[in-house]
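> Have a look at the structure that comes next, please.
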Amino acid sequence: MALETLEFAAVTAERWPDLARLFESRGGPKYCWCMVWREMPAGERSSRPAKRAALESRVQGGVPVGILGYVDGEPVGWCSVAPRETLRVRALGGGEYEAGTQVWSVVCFFASRAVRGEGIGARLLEAACAEAAEQGAEVIEGYPVDPDSPSYRFMGFRSMFLDAGFEEVGRAGTRRHVMRRFVR
């Protein structure tokens, strides 16, 4: 599948069916519904239906959760980009900022099998940064790993963030790098 026609859009209530279709597709992240870094009642963290309902509730409530990539009108990619205060910040291990600084976090990527290996991750990251900037972000953080990491690969790779103009500002645990890009 060629990515020449790749277009991006923020997930809104109208686009929820597209996100659900992508997540439920073969190989999709229907096991987590991108709720790993979002607050949920502890007893519901292992329930797939509860995760789906929690993400849908956020989307229907107008809370920014991310962007979708489309080829010929079909959703083929996802990047979670959202205001950092809507996420479990302490678990992420992000940087410290002056009070009132608008920080957005990139915490997840997914691409359908048809477009993997074609550079969609880098394009999703750029589109996520553009969306965050349009929504008022001053700083964008990411928490990628090295390519040989045995876990957290869904958060992207350090080299992709460096290529997109991010700088490393710390570590979160032993695997995740804390990367930052100033928007304004």
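Quick note: the coordinates plus some simple rules give every number you see, no bench work behind them. Just so it is clear, the model here is predicted, and its values are computed rather than measured. FYI the Cβ positions are ideal-geometry reconstructions off the backbone, even for glycines, and counts take in every protein chain you see.
> Which residue fluctuates the most in the chain, going by a Gaussian network model with Cα springs under 10 Å, if the choices are Ser80, Ser112, Ser149?
So, out of Ser80, Ser112, Ser149, the one fluctuating most is Ser149.
> Could I ask something else about it? At what distance in nm do the modelled label points of Glu7 and Val183 sit from each other, each positioned 7 Å from its Cα along Cα→Cβ?
The two pseudo-label positions are separated by 2.2 nm.
> Find the Cα radius of gyration of the range 40-115, compare it with 2.2 N^0.38 Å by division, and give the number to two decimals.
Details: Rg = 14.6 Å, N = 76, 2.2 N^0.38 = 11.4 Å.
Computed over Cα atoms of the range 40-115, the ratio equals 1.28.
> The range 43-102: which trypsin sites (Lys or Arg not before Pro) are DSSP loop and have at most 15 other beta-carbon atoms within 10 angstrom? If you can, show how the numbers build up before the last one.
Details: sites: Arg45, Lys51, Arg52, Arg58, Arg84, Arg88, Arg90; in loops: Arg45, Arg88.
Answer by residue number: Arg45, Arg88.
> Additional query: Write out the GluC sites (Glu not before Pro) in the range 25-66 meeting two conditions: DSSP loop, and at most 15 other Cβ atoms within 10 Å of their Cβ. Numbers along the way, then the final one.
Details: sites: Glu39, Glu44, Glu56; in loops: Glu39.
Counting only loop positions with at most 15 other Cβ atoms within 10 Å, the GluC sites (Glu not before Pro) in the range 25-66 are Glu39.
> Within the chain, which is the longest segment containing none of the chymotrypsin sites (Phe, Trp or Tyr not before Pro) that sit in a DSSP loop and have at most 15 other Cβ atoms within 10 Å?
On the way: sites that count: Tyr31, Tyr97.
With a cap of 15 other Cβ atoms within 10 Å, the longest stretch comes to 98-184.
> With springs only between Cα atoms under 10 Å, which of Val107, Val36, Val11 fluctuates most in a Gaussian network model of the chain?
Highest fluctuation among the options: Val36.
> What does the convex hull of the alpha-carbon atoms of the range 7-182 project to on average, in nm²? Can you show the working numbers first?
On the way: hull surface 39.4 nm².
Orientation-averaged projected area of the Cα hull: 9.8 nm².
> A further question follows. Hey, what did the range 38-150 get for relative contact order, percent, Cα under 8 Å, at least 6 apart? If you can, show how the numbers build up before the last one.
Working: 131 pairs, mean separation 28.4, N = 113.
Reported relative contact order: 25 percent.
> Give me the net charge of Tyr152's neighbourhood, meaning all other residues with Cβ under 15 Å from the Cβ of Tyr152; Lys, Arg count +1, Asp, Glu -1.
On the way: positive: Arg88, Arg153, Arg158, Arg171, Arg175, Arg176; negative: Glu141, Asp146, Asp148.
Every neighbour counted, the sum reads +3.
> Given 0.36 nm per residue, what is the gain on full extension from Arg90 to Ser151 after removing their alpha carbon distance, in nm?
Gain on extension, Arg90 to Ser151, equals 20.1 nm.
> First measure r as the distance between the Cβ atoms of Glu74 and Gln135, then evaluate 1/(1 + (r/R0)^6) with R0 = 35 Å and state the FRET efficiency to the nearest 0.05. Walk me through the numbers on the way to the answer.
On the way: r = 25 Å, r/R0 = 0.71.
It comes out at approximately 0.90.
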